[in-house]
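These notes are about the structure you will find just below.
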Amino acid sequence: MIVWVNGAFGSGKSTLVDELRSRWPEALVYDPEMVGYVLREIVEVPTGDFQDLRLWRRQVADLAVGLAEEYHRPVLVPMTLVNPGYVSEIFGALTDAGIDVHHFFVKVPREVLEKRIDGRFTPDNLEQDERVRHRCKEKIGPCMAAADTLPNDTVFLDGELNPQELAGQVLAHVGMEAGR
């Protein structure tokens, strides 16, 4: 089983996955950004977004399938994925492999996202931090708009709830005992 936690930057995906992991110790956490970081070291990313690399999408799906098949454990995936074609490509590969995919999208109002984005970076490298904040904020609109294009079985979560409440909802949806 794969539990994909989607949403805009600052929506609380990683925090929710951390809470899920603490309550579901057998689950593996797989962050597809790591695949993107590796690819950036090897090949050029013309658009600046590694999700635009077909190889990234293929490797993300292949590694998720491999983790689920080899270890027979649930896989928690915190990753923003909103391009409808990319969602279809990756989730289609997971489904084709016989993997049960539960897709959650954490919805948060724009002003809350902006506040969270502003608060999550430290001023170690002011120029880089500002670029990252700016990039994350630029993605808010497309992420919010994409909510209407996600698969019909996507479960929308209220990202203003605390992580414990959200984790309880996710666990209940996937048939796990809340608070395990």
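Before moving on, here are some points about what is shown:
- Angstrom value of the Kirkwood radius, inverse mean 1/r, which spans all Cα pairs in region 1-57: 13.1 Å
- log₁₀ of I(q)/I(0) at q = 0.15, 0.18, 0.19 Å⁻¹ - the chain, Debye sum with one point per alpha carbon: -0.91, -1.30, -1.43
- Loop-located GluC sites (Glu not before Pro) in region 97-180 whose Cβ has at most 14 other Cβ within 10 Å (DSSP): GLU160, GLU177
- Carbon + sulfur, % of accessible area of region 31-180 - ligands and nucleic acids excluded, 1.4 Å: 50 percent
- Dividing the alpha-carbon radius of gyration of region 77-180 by the rule-of-thumb value 2.2 N^0.38 Å gives 1.24.
- Between the amide H of VAL155 and those of HIS103, PHE104, PHE105, distances stay under 5 Å, these residues lying 5 or more places away or on another chain, with hydrogens modeled in the peptide plane.
- Solvent exposure of the chain, expressed per residue, is 52 Å² of accessible area, with all protein chains present and a 1.4 angstrom probe.
- Qualifying trypsin sites (Lys or Arg not before Pro) for region 101-148 [loop in DSSP, other Cβ within 10 Å: at most 14]: ARG120
- Amide H contacts of LEU76 (H built 1.01 Å from N, under 5 Å, at least 5 apart or other chain): VAL3, LEU28, VAL29, TYR30
- Looking at region 9-68, the GluC sites (Glu not before Pro) that sit in a DSSP loop and have at most 13 other Cβ atoms within 10 Å of their own Cβ are GLU26, GLU44.
- Relative to the current alpha-carbon distance between VAL45 and ASP18, full extension at 0.36 nm per residue lengthens the span by 6.8 nm.
- Estimated [θ] at 222 nm from DSSP helical runs (n ≥ 4, -39500 (n - 2.57)) normalised by residues in the chain, nearest 500: -16000 deg cm²/dmol
The values are calculated or read from the model by the stated rules, or taken from the named source; none is laboratory data. None of the values given here were measured: they were computed from a predicted structure. Heads up, the Cβs are rebuilt from the backbone with ideal geometry, glycines too, and the neighbour counts pull from every protein chain shown. Ligands, DNA and RNA are stripped out before the accessible areas are found, and what is left, the full protein with its side chains, is counted by its heavy atoms. Shrake-Rupley method; radii C 1.70, N 1.55, O 1.52, S 1.80 Å.
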